[in-house]
1. Can you put Asp217, Asp164, Asp39, Asp63 in order of Cβ neighbours within 10 angstrom, beginning with the fewest?
2. Using the Cα atoms of segment 217-306, I'd like the radius of gyration and the largest Cα-Cα distance, Dmax, both in angstrom.
3. What distance in nm separates the simple spin-label points at Ser173 and Lys117, each placed 7 Å from Cα in the Cβ direction?
4. Please list the non-local residues whose amide H lies under 5 Å from the amide H of Asp113, H modeled 1.01 Å from N, same-chain partners needing a gap of 5 or more.
5. In degrees between 0 and 90, to the nearest 10, how far off the longest principal axis of the chain does helix 284-297 point, with axes built from Cα atoms?
6. Do you know the relative contact order of the chain, to the nearest whole percent, from alpha carbon pairs under 8 angstrom that are 6+ apart?
7. Compute the long axis of helix 172-183 from its Cα atoms, compare it with the longest principal axis of the Cα atoms of the chain, and write down the angle in degrees, 0 to 90, nearest 10.
8. Any idea how far apart Asn258 and Ala300 come out in nm if each label point goes 7 Å out from Cα toward Cβ?
Amino acid sequence: MLKRFLSICGLCLWGTGVWGQEFNCRVAVMHDKITTGVDPQEFNTMQKALTDFMNSQKWSNDDWGSNEKIDCNILINLVSNNVNGDPETYTATMSIQATRPVYNTTYNTKLIDFQDKDISFKFSPYTPLHFDDNAVSGAQDPMSSNLTAILAYYAYTILALDYDSYSPNGGTSFLKKAQNVVNNAPDSKGVSGWKSVENTRNRYWINDEMLNTRYGDVRKVWYTMHREGLDSMWTKPEAARNRILSNIKKLYDVNKENPSSIYLQFFFNAKSEEITHLLHDAPKTERTQYITMLNALDVANASKYNALR
């Protein structure tokens with residue numbers, strides 16, 4: 001993988017380096033809505049435990065230098081507790097962001113910017129967090145296992161997006177690991193987000209569409225946008241911009257065959273801002289064709305695109 005190769009070369013030149021896990025993850029827990037039944041210190045314990053879990057778990061078989069780690073932020077906004085009469089059980093939303101550096105610049109591009117509303121879990125400050133690919137549901141009660149299953153799912157999804165951005169379909173093995181989490185996720189009252197029948201915009205469908213060959217062009221565009229586009233901005237900005245914008249047509253064709261795709265929403269949650277900037281830099285005479293397609297692809301940001309007409 002190019003990123004790994006460049007990093008290793010750099011470490012050889014510098015003569016120093018620390019090899020470790022894959023993430024530099026910062027977890028924040030918002031608990032304003034939890035006013036009774038829990039010692040406030042427990043939320044600090046929760047935040048530290050989740051941060052340590054993400055950063056200390058070994059998620060891949062590759063060696064990662066300290067300067068290679070993926071920066072990510074996870075915000076857990078606790079909505080309620082005392083689910084089923086258990087004060088250590090919570091419902092929440094989870095916002096996940098992760099970035100990767102753009103070659104030869106100080107700019108970091110988003111890999112994911114997504115809010116998951118299907119979050120429920122149990123956290124006990126005296127029970128260590130544990131995850132095993134071969135026992136996703138674990139020996140704990142389902143609500144406890146659901147917490148580590150969700151975190152593992154997003155860890156693997158972020159890794160897939162990162163590897164896909166450096167080599168075509170480079171993240172497939174991680175998408176299959178995330179699929180394994182989906183297929184073996186805890187099943188209990190109050191646990192949601194893992195099943196196809198619940199809705200069409202949950203964790204099940206994100207993973208299903210990313211692995212489905214019907215959406216193969218989306219992964220190809222993802223690679224092109226990063227490796228052949230953004231990573232070339234420093235040396236050939238116009239050619240890189242045109243390469244990215246010309247691929248919007250592929251996304252448009254996928255959308256025509258698969259309207260209301262969660263994968264495409266997932267894509268534009270991370271990339272709409274960059275695409276808007278690229279459009280701004282394109283000649284005005286070239287923008288209309290892209291804006292028309294983007295309005296169909298990314299309705300939530302249509303006003304931004306139309307402002308560039």
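1. Lowest count first: Asp39, Asp63, Asp217, Asp164.
2. For segment 217-306, the Cα radius of gyration and maximum Cα-Cα distance read 12.2, 36 Å.
3. Roughly 3.7 nm, to one decimal.
4. Under 5 Å from the amide H of Asp113: Ala270.
5. That helix lies at roughly 30 degrees to the long axis.
6. Reported relative contact order: 13 percent.
7. The answer is roughly 40 degrees.
8. So the label points at Asn258 and Ala300 sit 1.8 nm apart.
Quick note: the coordinates plus some simple rules give every number you see, no bench work behind them. Every value quoted in this text rests on a predicted model; they were computed, and no experiment measured them. We place every Cβ from the backbone using ideal geometry, glycine too, and count neighbours over all the protein chains shown.
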